[in-house]
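A short write-up of the structure that comes next.
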Amino acid sequence: MILIWLAAALFGAGLYTVLTRRDLIAVLAGVELMMGAASAAFVALSAATGAARGDTEAVGLLLIVMAAAEAAVGMALVIALSRASDRSTTEELSEVQG
């Protein structure tokens, strides 16, 4: 049960980071923290309910792979955006140029 509370606290810290920080890298780190907390909550809940160990490990591995892919794509977008427009905060990116 303590793992559920720990995952909730991590998710809250990630949500706080996303809502309060304006730097794109910090926002991306907050999103990663929330995804990691969701993965930890899933694994803790499946262990608490007595799910098959192989199933839990497979889905946990899938979540880790998805988080890594999301981090790679997010970082690539941030780097491309900062190179193209020399902007690095969310406030500067409020207007879309076409």
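Things to note:
- Packing order of peptides 20-26, 67-73, highest average first: 20-26, 67-73 (average count of other Cβ atoms within 10 Å over each peptide's residues).
- For the chain: span of alpha carbons on each principal axis (Å, largest first): 51, 24, 17
- Of the peptides 79-91, 36-48, 3-15, the ranking by mean beta-carbon count within 10 Å, highest at the top, reads 36-48, 3-15, 79-91.
- Acute angle (nearest 10 degrees) that the helix 24-49 long axis makes with the longest principal axis of the chain, alpha-carbon atoms: 10
- Think of the chain as having a plus end and a minus end, set by charges on the Cβ of Lys, Arg, Asp and Glu; of 72, 47, 25, 47 sits farthest toward the positive end of this dipole.
- Counting only alpha carbon atoms, the long axis of helix 2-20 and the longest principal axis of the chain meet at about 10°.
Each value in this text was obtained by applying a stated rule to the coordinates, not by laboratory testing. As the structure is a prediction and not an experimental result, all values here were calculated from the model. Reconstructed Cβ throughout: ideal geometry from the backbone, glycine too, with neighbour counts over all protein chains shown.
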